[in-house]
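> A single structure is presented below for examination.
The values are calculated or read from the model by the stated rules, or taken from the named source; none is laboratory data. Remember, it's a predicted structure, so these values are computed and weren't measured experimentally. Note that we place each Cβ from the backbone using ideal geometry, even for glycine, and neighbour counts take in every protein chain shown. Just the protein is used for accessible areas: all its heavy atoms, side chains included, with ligands, DNA and RNA removed. Shrake-Rupley method; radii C 1.70, N 1.55, O 1.52, S 1.80 Å.
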Amino acid sequence: MDEPLLLDCRDDRGVVTLTLNRPGAFNALSEAMLAALGTTFDALADDESVRAVVIAAAGKAFCAGHDLKEMRAEPSLEYYQQLFAQCTDVMLSIQRLPVPVIARVQGIATAAGCQLVAMCDLAVASDDARFAVSGINVGLFCATPGVALSRNVPRKAAFEMLVTGEFVSAEEARVLGLVNRVTAPERLDDEIEALVAQIVAKPRVAVAMGKALFYRQIEVGIESAYGDAGSTMACNMMDPSALEGVSAFIEKRRPDW
């Protein structure tokens, strides 16, 4: 029997690891892979036991982007519009999840694979990882990956990547802000765990409210952002976890969450 395109593993803390499982195709985002991701994200969004999600990949590469062979098999405007709409919905589902999503990156992350890294809330890469939006090399400007990329890195750096298709190293990606941490390949899981442990030690409701607000305020003007942020903090402050946390701080003890 064929192995599933997406492996799903959960620990007793509610940390879910999703592993892209097309190593022979460099984990390219086929229609079936996108469908599997979309269905899984929808299920996770409704599961209050989930505390964090890690997106990993089998084999030598994280993700080589869309499956170009599949795309070339049905060259019609309607098909391409449908495919990119499907991909967009999957990418936005990551942002809509109420828990932090961490990309675990090894090898290459190109085109929509680089977009996937950019859409995750956090990213940890091995020091041999490389990133590119390389569609321009085959005559296709990486427009949809550019939306995510330009919200992660400075605009001139993003545009240079988009018009040259050149790779940036893991360390360059860290300096630009595409990834949070870079580590040796053998320490990649340890670095992921360090982030996860910090996240699951915090109240889920505060993280969920904060993540939703974080992305809402980025897309609006500063006055609207402050208004939304103030309302969010007021609601958060009324939550029992925040009331307990503040009491614990005042009383100089550990919070009982």
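> If you check Ala212, Ala248, which single one turns out to be of a type in the set (A, V, I, L, M, F, W, C), in a helix (DSSP H, G or I) and within 28 Å of Val179 (Cβ to Cβ)? Full working, then the answer.
Values: Ala248 fails: within 28 Å of Val179 (Cβ to Cβ).
The match here is Ala212.
> Filter the range 80-92 for residues that are in contact with a Gly (Cβ under 7 Å, 6 or more places away or on another chain) and open to solvent by 10 Å² or more (accessible area, probe 1.4 Å) and give the result. So that I can check it myself, show each step before the final result.
Looking only at the range 80-92, we keep the residues that are in contact with a Gly (Cβ under 7 Å, 6 or more places away or on another chain), and these are 89-90.
Correct list: Asp89 only.
> If I go through the range 114-153 residue by residue, how many of them are surrounded by fewer than 17 Cβ atoms within 10 Å (Cβ to Cβ), under 16 Å from the mean Cα position of the chain (by Cα) and more than 22 Å from Val182 (Cα to Cα)?
1
> A follow-up question, please. Quick one: how many residues across the range 43-101 are in contact (Cβ under 8 Å) with a residue 40 or more places away in the chain and of a type in the set (Gly, Ala, Ser)?
Counting residues in the range 43-101 that are in contact (Cβ under 8 Å) with a residue 40 or more places away in the chain and of a type in the set (Gly, Ala, Ser) gives 10.
> Another one. Which residues, taken from the range 109-123, are in a helix (DSSP H, G or I) and in contact with a Gly (Cβ under 7 Å, 6 or more places away or on another chain)?
Across the range 109-123, the qualifying residues are Ala112, Gly113.
> Here's a follow-up. Across the range 159-181, what is the total count of residues that are assigned to a strand (DSSP E or B), in contact with a helix residue (DSSP H, G or I) (Cβ under 7 Å, 6 or more places away or on another chain) and open to solvent by 40 Å² or more (accessible area, probe 1.4 Å)?
Start the filter on the range 159-181 by keeping residues that are assigned to a strand (DSSP E or B), which leaves 168-169, 181.
So of that shortlist, the ones also in contact with a helix residue (DSSP H, G or I) (Cβ under 7 Å, 6 or more places away or on another chain) come out as 168, 181.
In the following step, the residues that additionally are open to solvent by 40 Å² or more (accessible area, probe 1.4 Å) were identified as 181.
Going through the range 159-181 one residue at a time, the tally reaches 1.
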